Amino acid sequence: MKLTEYARRLRYHDWWCGMSDDARVAKGGQANFRELAAAASESEAHGRLFDLARGWHARSGNPDRFESAWRWVGAYLWVHSRKLDEEACKRLVLVGDSDSIQIDWGAVERLLQEGS
């Protein structure tokens, strides 16, 4: 699988599908996760993307969530040929009240559109 497609699938994967009340959603999401996990062995870059995406989604409430976010967004941009330094990646992470941390995917998409 091309790295750009893999990154996109990781970004849009429903990481919390197992919590769904709908068994079809949970089962489909788990099958998709297994496919993504298997594809992680295609290359070192695939494996790193998988680890970063999974780490970002698994660190809810943990103190290193900010770092997980900027590293994941930086890698996502890198596979799309947009290389940003650490500080620029950090600016794409939004920190709100009660340590709510989100990635500004709108800004990420704008950066990708600028580069095309």
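The values are calculated or read from the model by the stated rules, or taken from the named source; none is laboratory data. Bear in mind that the values here come from a model prediction, so they are computed numbers and not experimental data. Because the Cβ atoms are built from the backbone with ideal geometry, glycine has one as well, and the counts that use them run over all protein chains shown.
Of all the residues in the stretch 13-42, those that are of a type in the set (Asp, Glu) and more than 20 Å from residue 76 (Cβ to Cβ) number 2. Selection over the stretch 94-109 of residues that are modelled with pLDDT of 95 or more, over 18 Å from residue 9 (Cβ atoms) and surrounded by 11 or more Cβ atoms within 10 Å (Cβ to Cβ) gives a count of 2. Identify, from the list 31, 58, the residue that is aliphatic (A, V, I, L, M), surrounded by fewer than 15 Cβ atoms within 10 Å (Cβ to Cβ) and under 16 Å from residue 101 (Cα atoms). Within the list 31, 58, the selection yields 58. Taken across the stretch 40-53, residues that are crowded, with 18+ Cβ neighbours inside 10 Å, small (Gly, Ala, Ser), farther than 21 Å from residue 110 by Cβ and touching a His at 6+ places or on another chain (Cβ under 6 Å) do occur, with at least one present. Taking the stretch 12-116 and the helices (runs of 4 or more DSSP H) fully enclosed by it, the elements with 3 or more residues that are among the hydrophobic types (A, V, I, L, M, F, W, C) are at 23-39, 44-58, 65-79, 105-114.
Here residue 67 clears all of (1) surrounded by 15 or more Cβ atoms within 10 Å (Cβ to Cβ); (2) modelled with pLDDT of 95 or more; (3) farther than 18 Å from residue 15 by Cα except the condition numbered (2).
Checked across the stretch 85-105, the condition of being of a type in the set (Ser, Thr, Tyr) and under 23 Å from residue 6 (Cβ atoms) holds for no residue.
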